[in-house]
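The values are calculated or read from the model by the stated rules, or taken from the named source; none is laboratory data. Since we're looking at a predicted model, the values are computed, not measured. Heads up, the Cβs are rebuilt from the backbone with ideal geometry, glycines too, and the neighbour counts pull from every protein chain shown. When the accessible area is computed, the model is the full protein with side chains, heavy atoms only, and any ligands, DNA or RNA have been set aside. Shrake-Rupley method; radii C 1.70, N 1.55, O 1.52, S 1.80 Å.
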Amino acid sequence: MRDPYEVLGVDRKAGPSDIKSAYRRLAKKLHPDANKNDPKAATRFSELNAAHELLGDEDKRKAFDRGEIDAEGKPRFQGFGQGGFGGAGPGAGYSTDPNFESFHFGPEGFTRSTRRGRSAGGGAAGGGFAGFEDILKEAFGAAARNRGGAGSTFEQEDFGIGADVHAALTITLPEAAKGVTERLHLPTGKDVDVKIPPGITEGQQVRLKGQGMAGQAGSGDVLITISIAPHPLFKLEGNDVRLDLSITVYEAALGAKVRVPTLDKPVEITIPPWTSSGRTFRLKGKGFPAKGLHGDLLATVRIALPEKSDPEFEALMKKWQADKPYDPRKDM
């Protein structure tokens, strides 16, 4: 993934409010619902959410700035540490631990042995031996495979570890409500089809059994954390969905039948005459699903004036103001 600062278009010294503001602005611009004819819209939107997830978290951002994790949030290789491999750092030599392990490549491949001893300097050989098999695999695995011949292979199966693979996927609110199948490119390089069940919520995980890293004891799993992208119209409150419904001045005064978008298909409701802005209509069962039940859709009326000024309309309002004044704030 690209540098998250570049994705969000912010400076590295940007504050949390600047990052949040940039994310909201780009989320509206890049949302797949606003770019239905662009096949790359979902990819760009997913990249935007991943960048915000990293920079919006103070700890992750600091770790990225220090070079401890990459743009995808995965740890970077930090080297062997003091005295870990070549014995160059302080405390190099035998470990104070009575079970000191040595590692080498030989005719039988990668092996390790245990011996007793003490450090020549009285200190532990220490830092570099934590997770040493993983370090050697990263340092020598590719080179060993390229050499060929006896003892040259260095595969994860040698250690009998089936590691889980973590990934993230961003979907829209309607997709979360109805369920969807998405194609996902894993960090392992493999593409998989992920079936998202209806009613999944922010932060929940989907587990793909046996799709992770392979090992002698079997393969690990893939754990996919789901994020739900902000929607330009709907706002989720528990299982209820809120919506601002714009109507005209004459629809508010005279009443009308208007179409209301939902997470599924639009429905028609009746606006009674003399409806004020702020009145909320409850559409039963048109909200978000959970455990077989649906929440409600809460549509709050907002009276919208014409997009452009109109002299005739303004003249009518001036006449009304002069002939029939009223004060909606008299009780405030």
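Only one of the numbered conditions (1) out of contact with any helix residue (DSSP H, G or I) (no Cβ under 8 Å at 6 or more places or on another chain); (2) assigned to a strand (DSSP E or B); (3) under 25 Å from residue 286 (Cα atoms); (4) open to solvent by less than 20 Å² (accessible area, probe 1.4 Å) is not met by residue 268, and that is (4). Looking only at segment 170-194, which residues are over 24 Å from residue 27 (Cα atoms) and either touching a Ser or Thr at 6+ places or on another chain (Cβ under 9 Å) or open to solvent by 30 Å² or more (accessible area, probe 1.4 Å) (or both)? Result: 187, 188, 189, 190, 191, 193.
Step by step: first the residues of segment 271-289, then only those that are in contact with a helix residue (DSSP H, G or I) (Cβ under 8 Å, 6 or more places away or on another chain) and closer than 16 Å to residue 236 by Cα, then the one that is surrounded by the fewest Cβ atoms within 10 Å (Cβ to Cβ). Which residue is that?
Let us first name the residues in segment 271-289 that are in contact with a helix residue (DSSP H, G or I) (Cβ under 8 Å, 6 or more places away or on another chain), namely 271, 273-277, 288-289.
With the extra rule that they be closer than 16 Å to residue 236 by Cα, the set shrinks to 288-289.
Working: 288: 24, 289: 19.
Checked segment 271-289; the qualifying residue surrounded by the fewest Cβ atoms within 10 Å (Cβ to Cβ) is 289.
When residues in segment 208-248 are screened for being open to solvent by 30 Å² or more (accessible area, probe 1.4 Å), closer than 30 Å to residue 282 by Cβ and within 19 Å of the chain's Cα centre (by Cα), 6 of them pass.
Take the residues in segment 15-56 that are in a loop (DSSP other than H, G, I, E, B) and surrounded by fewer than 17 Cβ atoms within 10 Å (Cβ to Cβ), then tell me which one is nearest to the chain's Cα centre (by Cα). Looking at residues that are in a loop (DSSP other than H, G, I, E, B) and surrounded by fewer than 17 Cβ atoms within 10 Å (Cβ to Cβ), I get 56. Here 154, 159 are screened, and the one residue that is surrounded by 18 or more Cβ atoms within 10 Å (Cβ to Cβ) and modelled with pLDDT under 85 is 154.
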